[in-house]
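Have a look at the structure below before the remarks.
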Amino acid sequence: MQQVPAANLVQLTYLIYGLHLFSAANGVLTSAFVVTAFLSGWPSVLAVVLNYVKRDATRGTYLESHFRWQIRTFWFALLWLVVGAILVITIIGIPLAWILVVVVGLWVLYRMTRGVFRLMDQEAMPLD
């Protein structure tokens with residue numbers, strides 16, 4: 001049986017999603033890509049730090065899955081950005097890198113938005 005999370009942890013989880021989405025939105029609204037804004041923006045970096053600092057407090061609650069979802073989204077986006085950077089270095093892979101960066105940006109937006117909606121319904125995130 002899962003524990004009921006403290007109200008301040010639920011609010012913190014919303015704040016973390018908000019920080020991630022704020023960074024991603026900067027990529028949509030500026031000349032930056034979503035994924036680069038998501039990974040390099042101070043709100044996302046702060047959000048990941050908060051994820052790691054407060055992760056133990058969410059153990060045994062549905063929020064634990066949200067924290068895992070947020071952390072994995074950040075690190076997998078970084079991994080794919082590195083792959084894109086390697087493709088750019090090869091020169092031939094530049095078109096693939098552009099496509100990859102756009103797709104990963106859309107994936108980040110999807111994951112953060114899906115997380116917020118599941119949090120609003122007080123549901124755990126699926127194991128990924």
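Hydrodynamic analysis of the stretch 17-64 uses the Kirkwood radius over alpha carbon pairs. Inserted into Stokes-Einstein at 25 °C and 0.890 mPa s, it gives a translational diffusion coefficient of 218 µm²/s.
Over the residues of the stretch 42-81, compute the C-alpha Rg and express it relative to 2.2 N^0.38 Å. List each step's numbers first, then the result.
On the way: Rg = 10.4 Å, N = 40, 2.2 N^0.38 = 8.9 Å.
Dividing the Cα Rg of the stretch 42-81 by 2.2 N^0.38 Å gives 1.17.
In a reduced charge model with +1 at each Lys and Arg Cβ and -1 at each Asp and Glu Cβ, the chain shows a dipole moment near 80 debye about its Cα centre. Annotation: the stretch 69-128 has a Kirkwood hydrodynamic radius of 12.6 angstrom, from the mean reciprocal C-alpha pair distance. Calculated mean residue ellipticity, 222 nm, the chain: -26000 deg cm²/dmol, from DSSP H runs (n ≥ 4) at -39500 (n - 2.57) each, averaged per residue and rounded to 500.
Can you give the local net charge around PHE38? Use residues other than it whose beta-carbon is closer than 14 angstrom to its beta-carbon, Lys and Arg +1, Asp and Glu -1. Intermediate values should be presented prior to the final figure.
Details: positive: ARG72, ARG111; negative: none.
With Lys, Arg at +1 and Asp, Glu at -1, the net is +2.
In the elastic network of the chain, a GNM with C-alpha springs shorter than 10 Å, the most mobile of LEU79, LEU19, LEU109 is LEU79.
Over the chain, the reciprocal of the mean inverse Cα-Cα separation, the Kirkwood hydrodynamic radius, stands at 15.0 Å.
Averaging the sequence gap over all C-alpha pairs within less than 8 Å and six or more residues apart, then dividing by the number of residues, gives the chain a relative contact order of 30 percent. Per-residue 3J(HN,Hα) values for the stretch 16-23, derived from phi via the Karplus relation 6.51 cos²θ - 1.76 cosθ + 1.60 with θ = phi - 60°, read 5, 4, x, 5, 4, 5, 4, 5 Hz in sequence order (x marks Gly and Pro).
Any read-out appearing in this document is the output of simple, stated calculations on the displayed coordinates, not a laboratory observation. In this text, all values refer to a predicted model and were calculated from it rather than measured experimentally. Here Cβ is always computed from backbone atoms with ideal geometry, including for glycine, and neighbour counts include all displayed protein chains.
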